[in-house]
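The values are calculated or read from the model by the stated rules, or taken from the named source; none is laboratory data. Quantities reported herein were computed from a predicted structural model and do not represent experimental measurements. Here the Cβ positions follow ideal geometry from the backbone for every residue, glycine too, while neighbour counts run over all protein chains shown.
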Amino acid sequence: MLPRILVVAFFAAHLTCLLHQIGGDGTLRHRALLALFDEGRLTMDKYSIVAPLVSAPLLFLDRLFGTGDWFLSRFNVFVLAACVACMWRITSRSASPALAGRFCVLLMSASFLPFSAGMYYGEMFTMVTAAVGLHGLATGGGIGSWALLCIGVANVPPMLLPLGFLALLRAIAARRPWPLLAPACALLLIALENWLRRGSPASFGYDDDGILQNHLMPYVGLGGFSYPLLLGLLGLAFASGIGLFPYAPGLFFLRSPSAQPEGMRPTMRLWLLFVLLTALVFAKWWSWFGGAYWGPRFLMLGALPATLLLAQQSMRRHESFWSAAATLLCLCWSTWVCINGTTVAFHHLLADPALHAAEGSVMIWVPDISPLWYAIEKPAFVYPTTLVYASLSLVALAWIAWPIAKQCVALAPAAARELMRSLQQIARPS
């Protein structure tokens with residue numbers, strides 16, 4: 001019962017207490033939607049119109065009730081709600097209801113997804129369709145799973161390459177060519193949008209994008225997919241301001257077999273494969289970091305396996321102090337990631353001259369000015385209403401972390417004695 005209450009409370013707090021905006025890249029998506037429904041024309045903007053079309057009912061609600069952009073700006077909150085509902089059902093069926101409840105609470109209290117839900121961007125829609133579609137493939141699903149993947153990929157065209165590779169693997173395994181129809185259909189949708197909006201199936205709207213920009217990182221100004229692959233992968237994984245591991249530390253438990261739920265392992269493998277393939281694509285793009293953005297933008301799917309691993313690890317009965325302590329530390333840091341994104345994000349960084357140095361590249365790589373550390377070093381004003389969400393995150397942390405903390409206390413004396421013996425052996429003269 002408690003997990004359900006917490007999840008409902010999180011969504012209520014998100015809808016009413018957090019900041020939601022149509023800004024940045026979301027402005028172009030918003031403009032494309034308004035142009036289509038108010039003027040009957042398609043803009044030539046580079047961002048896909050798939051996700052804005054899905055959000056169109058919310059535009060009608062805003063017009064009906066005269067609420068400005070209240071509903072539309074919260075589009076990704078509703079997408080996240082659909083994601084959590086699907087994850088609850090999937091995990092309950094494949095693993096256990098107890099794990100499902102903890103998993104979904106942590107998605108709302110200890111992941112970077114709640115921040116992304118406050119933006120009118122398109123990546124979360126693709127993340128949810130990919131996550132559910134990949135689970136369908138892992139459990140023997142057919143055309144419906146491929147259709148979800150096609151729609152999500154049409155919304156973010158570079159994802160066509162991961163989909164194509166996955167379809168090729170499935171075709172080889174099944175010794176049938178039918179899975180290859182999925183990337184073909186996605187390519188057809190992308191080409192159709194390009195033709196309708198920009199007059200050519202091969203025109204993506206990214207001509208000369210990123211070329212000759214004033215940037216501290218020397219490869220950025222080359223534009224296109226010109227970034228060194230190794231440097232891009234390193235940044236996507238470990239950059240202090242944008243990397244997946246700093247924002248989703250549950251991935252560090254990937255090597256622990258006990259942290260992988262038995263019934264969810266096929267789904268986890270496909271999620272992780274898709275994240276890896278996506279990283280290989282975006283690592284080559286000049287803007288692999290996603291611009292001045294808080295947290296991972298293109299590897300959003302990585303939040304699901306990371307949080308699921310953390311949920312499973314938090315349910316274990318730890319026999320080692322170090323295992324319990326690592327789990328507790330990961331829980332606390334993941335909760336801080338969520339609190340930082342929902343209450344602070346990088347709004348307080350906007351006034352710092354270092355952020356403006358080459359579109360935030362300093363924020364990407366320098367830990368001192370990364371969003372996760374800067375708020376500790378230089379606390380800033382936050383909107384009082386956002387503290388409601390932060391308080392709920394702390395309540396969830398207390399519920400999940402308290403049993404682990406008790407295990408740490410019980411195991412600490414034995415760990416201390418073992419550590420002292422090890423130190424004495426090291427200090428003993430040979």
- All positions within region 101-121 that are more than 17 Å from Cys330 (Cβ to Cβ) and part of a loop (DSSP other than H, G, I, E, B): Ala117, Gly118, Tyr120, Tyr121
- When you scan region 7-20, how many residues do you find that are under 30 Å from Tyr206 (Cβ atoms) and either in contact with a strand residue (DSSP E or B) (Cβ under 7 Å, 6 or more places away or on another chain) or buried (at least 17 other Cβ atoms within 10 Å of the Cβ) (or both)? 1
- Query: For residues in region 98-146 being over 14 Å from the mean Cα position of the chain (by Cα) and among the aromatic types (Phe, Trp, Tyr), which is surrounded by the fewest Cβ atoms within 10 Å (Cβ to Cβ)?
  - Reply: Trp146
- Residue check: is Leu33 crowded, with 18+ Cβ neighbours inside 10 Å, of a type outside the set (Lys, Arg) and under 23 Å from Ala191 (Cβ atoms)? yes
- Message: Being buried (at least 17 other Cβ atoms within 10 Å of the Cβ) and not aliphatic (A, V, I, L, M) is the filter here; which residues of region 171-183 pass it?
- Response: Pro179, Pro183
- When region 42-57 is checked residue by residue, the ones that are among the hydrophobic types (A, V, I, L, M, F, W, C) and within 15 Å of Val153 (Cα to Cα) are Ile49, Val50, Ala51, Leu53, Val54
- Query: helices (runs of 4 or more DSSP H) wholly in region 24-98 with at least 1 residues that are of a type in the set (Ser, Thr, Tyr), in contact with a His (Cβ under 9 Å, 6 or more places away or on another chain) and free of Cβ contacts under 8 Å to residues at least 60 places away in the same chain - which ones?
  - Reply: 70-73
- Item | Residue count for region 270-292, restricted to those that are modelled with pLDDT under 95 and either more than 25 Å from Ile364 (Cα to Cα) or out of contact with any helix residue (DSSP H, G or I) (no Cβ under 9 Å at 6 or more places or on another chain) (or both) | 2
- Can you list the helices (runs of 4 or more DSSP H) found entirely within region 320-416 that contain at least 1 residues being modelled with pLDDT of 95 or more? 321-339
- Task: Return yes when Arg265 is under 13 Å from the mean Cα position of the chain (by Cα), surrounded by fewer than 24 Cβ atoms within 10 Å (Cβ to Cβ) and of a type in the set (Lys, Arg) and no when it is not.
- Result: no
- Message: Regarding region 144-154, can at least one residue be identified that is free of Cβ contacts under 8 Å to residues at least 12 places away in the same chain and assigned to a helix (DSSP H, G or I)?
- Response: yes
- Output the residues belonging to region 191-214 that are assigned to a helix (DSSP H, G or I), touching a residue at least 60 places away in the same chain (Cβ under 8 Å), surrounded by 15 or more Cβ atoms within 10 Å (Cβ to Cβ) and not basic (Lys, Arg). Glu193
- Only residues that are within 22 Å of Phe245 (Cα to Cα) and polar (S, T, N, Q): list them for region 92-123, please. Ser109, Ser111, Ser116
- Task: Could you check, for region 250-261, whether at least one of its residues is over 23 Å from Thr91 (Cβ atoms), part of a helix (DSSP H, G or I) and under 19 Å from the mean Cα position of the chain (by Cα)?
- Result: no
- Positions within region 54-72 being within 25 Å of Leu187 (Cβ to Cβ) and crowded, with 16+ Cβ neighbours inside 10 Å, in sequence order: Val54, Ser55
- Note on the structure: Result of the Cβ filter at 9 Å on region 257-276, keeping first residues that are among the charged types (D, E, K, R) and partners that are assigned to a loop (DSSP other than H, G, I, E, B), at least 6 apart or interchain, is Glu262/Ala95
- Where Leu234 falls short, out of the listed (1) surrounded by fewer than 20 Cβ atoms within 10 Å (Cβ to Cβ); (2) over 18 Å from the mean Cα position of the chain (by Cα): (2)
- Answer with yes or no whether Gly295 is under 15 Å from the mean Cα position of the chain (by Cα), within 25 Å of Ile400 (Cα to Cα) and not in a helix (DSSP H, G or I). yes
